[in-house]
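Since the structure comes first, as structure tokens, the remarks are kept for the end.
Throughout, read-outs are computed from the coordinates displayed, never taken from laboratory work. Computed from a predicted model, the values in this text were never measured in an experiment. Ideal geometry is used to build each Cβ from the backbone, glycine not excepted, and the neighbour counts take in all protein chains shown.
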Amino acid sequence: MFGLDPSFLSSLFQVILIDLVLAGDNAVVIGLAAAGLAPDLRRRAILIGILAATVLRICFALLTTQLLSLGGGLLIAGGVLLLWVCWKMYRELTVSHEEEQEATEALADADLNADGSVAAKAPRKTLRQAVIQIIVADVSMSLDNVLAVAGAAQHHFEALVFGLALSVVLMGVAATFIARLLHRFRWIAWIGLLMILFVAIRMGLEGLGAFIAIPEIPLLYTPHAVAAGH
């Protein structure tokens, strides 16, 4: 109906969920890095972090889509990298409630827990220290985001373009709001983590399928999918 097949709709849903979770996750990391700054410096560091993440997503999107089209070896590497993303996300999802509260307050620049201060318990640091920490995290998480979107989109180019555009918009416009949403509804982030794990396994299997014969695995791997990607 309307030229949309179930595979495309499934890929589109996965892409949107991954974008939401990773944009919020990136924003929380930025908030944690900026939480130890004075209010005026904190706002500057968060702005730098979100702008850098937006630009990096655009740059990696241009590069990664070309790299993933080159063949099985890079799909395997992408799958392994996404497994590492899953591990990082798991560790971030299990941080203490207090640490996450500090990050969320820093992002919102508001006393959300009504204790009379904004991110006052975070370790003090300089703007330079915070910006370096933010940029390093942005590089890693922007690459993670683009790879996850490319893997979830599979061979649906429209879903890929939509997902990459959405990731840029979410990071540039709504990252702080999404971070607060994920703070309130933790289960969304856990579903996102499972989705990225699913994408990582599927990407790795597609890469291996270019080198060895792998039998069909429902939902995860279809031998024809590799052939369609070349």
Worksheet entry | Sites ALA77 and ARG128, calculated FRET efficiency, Cβ-Cβ separation with R0 41 Å, nearest 0.05 | 0.80
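Once you have the Cα-Cα distance between ASP40 and VAL136, take 0.36 nm times their residue separation minus that, and quote the gain in nm to one decimal.
Numbers: separation 96, 0.36 × 96 = 34.56 nm, distance 2.19 nm.
Between ASP40 and VAL136, full extension yields 32.4 nm more.
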Discussion item. Within a 10 angstrom radius of the beta carbon, how do THR222, THR176, THR126 rank from fewest other beta carbons to most?
Written reply: THR126, THR222, THR176
Fill in: Hypothetical label at LEU62: residues of the stretch 147-175 whose amide nitrogen lies under 13 Å (7 Å Cα-Cβ projection)
none
Response to the item:
Expected sort for GLU206, GLU216 with the fewest Cβ neighbours (10 Å cutoff) up front is GLU216, GLU206
Item to complete: Take the Cα atoms of the stretch 10-88, build their convex hull, and give its volume per residue in Å³.
Response: 105
Worksheet, complete the sentence: Per the rule of 0.36 nm per residue minus the C-alpha distance, extending THR94 to TRP190 adds in nm 33.5 nm
